[in-house]
Amino acid sequence: MKSNKPSVSRIAVFFAVVVVLIGAGLLWWRESNAPVNSADPTPVLFVVAKGEGVKVIAANLVEKNLIRSPISFYLGVKLLGIERQLQAGDFRLSRTMNTETIARELTHGMLDVWVTTLEGWRIEEIATKLARELDIPEAEFLRVAAEGYMFPDTYFIPRDATAGAVAAILRKTFQEKVTDKMREDAKITGLTWNEVVTLASIVEREGRTDDDRPVIAGILLKRLRADWPLQADATLQYALGYQPFEKSWWKKSLTSEDKNVRSPYNTYRNRGLPPGPIANPGLASIKAVIYPSETDYWYYLHDRQGKAHYARTIEEHERNVATYLQ
């Protein structure tokens, strides 16, 4: 009769190996998920950018010395089922937190909020955005905002920021983006700095592309120097204000009657620049005014597809109107 002792021995060895592996795995799991330093409660700023996946977040946490293992973080997020709940934002973490605590922290409690403002928005549009995303009363922001100087960009704004703090952040970004050289070069235009920003705000609304804007800026500068009315639709739209039917601050279709509205911002009735900016221009529009394209054109329009068409004479411009707008 055959002895079954070797078979029993192999099974015993197998189970022993399994137990050792499980024990080693549990030990690794416990160690890799433990806090990096239980004695260091110093807050650490950790930023999750939009679009970053779990692997990238894990690698960044390791780089900040906030977790021990990117693999344990990745597996932990998967096991907890919170991968889709991870948020972009600005978080305060510490090395006393274990991996699970950090993972859960990244699903809520953002200290800062992503807020994007667009080129060509007027301050009322920014105020609406801030009211919706930061619960800042529109009237409060409008009291402290400076039209033309609220630089359009994407910002991390503290959730508890005041209207004044947000306006200061946007204004500071404007100051940082506009270089001293740009300010110096702008003197060649013969305009004051506020006039440069005012014209840039018009160019922002009138131009559709970065190719158009320097040409349009050049045309408007020529008109100013020749004491021609600018006849810029954007200034008239600003004067007309909010359109309840369109739910927009920028009226889409202007009429002949609109062009007669009495307002210092109506550049069909008034020569020269309006009293101040009509929107918040981006850097490209500011540069377009400082470094305009010199051309023979005096007129421009955009067709219904948004393409610009230029003209040297009123007759040529009227043909463009008949061709592209009627």
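The values are calculated or read from the model by the stated rules, or taken from the named source; none is laboratory data. None of the values given here were measured: they were computed from a predicted structure. With ideal geometry, Cβ positions are generated from the backbone for all residues, glycine too; neighbour counts draw on all protein chains shown.
For the stretch 62-69, the count of residues that are buried (at least 18 other Cβ atoms within 10 Å of the Cβ) and in contact (Cβ under 8 Å) with a residue 40 or more places away in the chain is zero. Being over 29 Å from Val166 (Cα atoms), modelled with pLDDT of 90 or more and touching a helix residue (DSSP H, G or I) at 6+ places or on another chain (Cβ under 8 Å) is a condition met by at least one residue of the stretch 100-107.
Looking across Lys64, Lys5, one residue alone is modelled with pLDDT of 90 or more, basic (Lys, Arg) and not assigned by TED's automatic domain parsing to the domain that holds Pro158. It is Lys64. Checked against (1) more than 30 Å from Asn280 (Cβ to Cβ); (2) assigned to a loop (DSSP other than H, G, I, E, B), Val56 meets all criteria but (2).
Looking at the stretch 207-242 only, could you name the residues that are polar (S, T, N, Q) and at pLDDT 95 or above? Before you say what the answer is, go through the steps one by one.
Quick first cut of the stretch 207-242, residues polar (S, T, N, Q) only: 209, 231, 235, 237.
Listed by number, the residues that qualify are Gln231, Thr235, Gln237.
The condition (being within 16 Å of Arg159 (Cβ to Cβ), within 22 Å of the chain's Cα centre (by Cα) and not aromatic (Phe, Trp, Tyr)) is satisfied by just one residue among Leu118, Leu86, Leu134: Leu134.
Could you run through the stretch 191-213 and say how many residues are more than 21 Å from Pro264 (Cα to Cα) and surrounded by fewer than 22 Cβ atoms within 10 Å (Cβ to Cβ)? Selection size over the stretch 191-213: 5.
If you go through the stretch 36-48 and pick out every residue that is surrounded by 12 or more Cβ atoms within 10 Å (Cβ to Cβ) and under 30 Å from the mean Cα position of the chain (by Cα), you end up with 4.
What are the pairs, 6+ residues apart or on separate chains, where a residue within the stretch 292-304 that is over 21 Å from Leu191 (Cα atoms) has its Cβ under 7 Å from a residue that is among the polar types (S, T, N, Q)? The qualifying pairs are Leu301/Asn320.
To keep it simple, each residue is scored yes or no on (1) of a type outside the set (A, V, I, L, M); (2) out of contact with any strand residue (DSSP E or B) (no Cβ under 6 Å at 6 or more places or on another chain); (3) surrounded by fewer than 14 Cβ atoms within 10 Å (Cβ to Cβ).
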position: Ile278; (1), (2), (3): no, yes, no
position: Ala284; (1), (2), (3): no, yes, no
position: Glu294; (1), (2), (3): yes, yes, yes
position: Ile314; (1), (2), (3): no, yes, yes
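Taking the listed residues Glu204, Glu195, the one that is closer than 18 Å to Trp250 by Cβ, touching a helix residue (DSSP H, G or I) at 6+ places or on another chain (Cβ under 9 Å) and part of a helix (DSSP H, G or I) is Glu204, with no other qualifying. Within the stretch 248-276, restricting attention to residues that are under 20 Å from Arg225 (Cβ atoms) and hydroxyl-bearing (Ser, Thr, Tyr), the residue that is surrounded by the most Cβ atoms within 10 Å (Cβ to Cβ) is Thr267.
Every listed requirement among (1) farther than 30 Å from Leu283 by Cβ; (2) surrounded by fewer than 16 Cβ atoms within 10 Å (Cβ to Cβ); (3) touching an Asp or Glu at 6+ places or on another chain (Cβ under 7 Å) is met by Arg95 save one, (2).
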